[in-house]
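**Q** Take a look at the following structure, please.
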Amino acid sequence: MKHVIELKVNGDSYQVAVDPWRTLNEVLREDLNLTGTKLGCGTGDCGACTVLLDGRTVSSCLTLAVEAAGKDIRTVEGLAPSGEELHPIQEAFIEEGAIQCGFCTAGMELSAKYLLDRNPAPTEREIRASMSGNLCRCTGYDKIVAAVDAAARKMK
Ligand code: FES
Ligand code: FES
């Protein structure tokens, strides 16, 4: 039997009828058409599906949609302050060449936001530790770390 739930995504409210076993990742991508959030491993190992739930990073592939009901969900589509400007984290990823295939990028950027919201001037070691749950199969880690460092300086 489906449950009718309210999902608050990037400040917008959606009423959706979902089967209790469907993941937040499935509902974001398939029901709400918010395909910026990617699905990689589906088992909580790669971080490609990372979203913010009440300000904390979660793997949307391991989070049931019903668990997210009523909570504040932020996806990469909500990262930029407007549809016309990029968020400083997104700008820095472009400027530092931190995007190759782009599959990990949304998750990386949300993990970076989680870090920079709590630690506005992280060391390289702190960036690497904080981003360690996000895997990049293109292996562009040095540029990703440089982008997070550059974003921190932009956001000062
Ligand atoms: S797709 Fe969720 S952690 Fe890999
Ligand atoms: S840019 Fe390709 S997986 Fe990271």
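**Q** Can you list residues from other chains, or at least 5 along the same chain, whose modelled amide H is less than 5 Å from the amide H of residue 71?
**A** Here 8 satisfy the definition.
**Q** Then there is this: Using the charge dipole of segment 88-154 (Lys, Arg: +1 at Cβ; Asp, Glu: -1 at Cβ; taken about the Cα centre), state which of 101, 132, 122 has its Cα farthest towards the positive end.
**A** Farthest towards the positive end: 132.
**Q** When the Cα centres of segment 87-156 and segment 24-73 are compared, how far apart do they sit, in Å?
**A** If you average the Cα positions of each part, the centres end up 19 Å apart.
**Q** Another question, then. Which pairs break 23 Å Cα to Cα here: 71/154; 113/143; 8/113; 8/143? Mind dumping the intermediate values first?
**A** Numbers: 71/154 29 Å; 113/143 16 Å; 8/113 19 Å; 8/143 33 Å.
Distance filter (> 23 Å) returns 71/154; 8/143.
**Q** Sticking with this one: Calculate the radius of gyration of the Cα atoms of the chain to one decimal place, then report Dmax, the largest Cα-Cα distance, as a whole number, both in Å.
**A** 15.3, 49
**Q** What ratio of Cα Rg to 2.2 N^0.38 Å holds for segment 1-81?
**A** Taking the Cα Rg and dividing by 2.2 N^0.38 Å, one obtains 0.98.
**Q** Same structure, new question: Using each residue's phi in segment 103-111, evaluate 6.51 cos²θ - 1.76 cosθ + 1.60 at θ = phi - 60° and report the 3J(HN,Hα) Karplus result to the nearest Hz, with x for Gly and Pro.
**A** Karplus values, whole Hz, x for Gly and Pro: 5, 8, 5, 4, x, 4, 5, 6, 5.
**Q** Please identify every one of the GluC sites (Glu not before Pro) in segment 19-109 that sits in a loop by DSSP and has no more than 16 other beta carbons within 10 Å of its own beta carbon.
**A** 84, 85
**Q** Still on this structure, I have one more. For the pair residue 123 and residue 94, how long in nm is the line joining their label points, each one 7 Å along Cα→Cβ?
**A** Result: 3.3 nm between the two label points.
**Q** Find how much the distance from residue 33 to residue 86 grows on full extension, using 0.36 nm per residue of separation minus their present alpha carbon separation; answer in nm with one decimal. Please list the in-between numbers first.
**A** Working: separation 53, 0.36 × 53 = 19.08 nm, distance 2.02 nm.
Contour length minus Cα-Cα distance gives 17.1 nm.
**Q** For segment 80-156, state what percent of all Cα-Cα pairs lands in each successive 5 Å bin, counting from 0 Å until the bin that includes the largest distance.
**A** In whole percents, the pair-distance histogram is 3, 18, 31, 28, 14, 5, 1.
**Q** Another question, if that's okay. With the contact rule set at Cα under 8 Å and sequence spacing of 6 or more, what percent relative contact order holds for segment 3-78?
**A** After rounding, I find 38 percent.
**Q** Setting aside same-chain residues fewer than 8 positions from residue 38, which aspartates and glutamates have a Cα under 17 Å from its Cα?
**A** Within the straight-line limit of under 17 Å, residue 38 reaches these aspartates and glutamates: 26, 30, 77, 109.
**Q** With unit charges on the beta carbon (Lys/Arg positive, Asp/Glu negative), name the residue among 5, 44, 60 whose Cα is farthest towards the positive pole of the charge dipole of the chain.
**A** Looking along the dipole axis, the top candidate is 44.
Read-outs throughout are calculated quantities, based only on the coordinates presented, and are distinct from any laboratory measurement. Remember, predicted model here, so these are calculated numbers, not experimental data. FYI the Cβ positions are ideal-geometry reconstructions off the backbone, even for glycines, and counts take in every protein chain you see.
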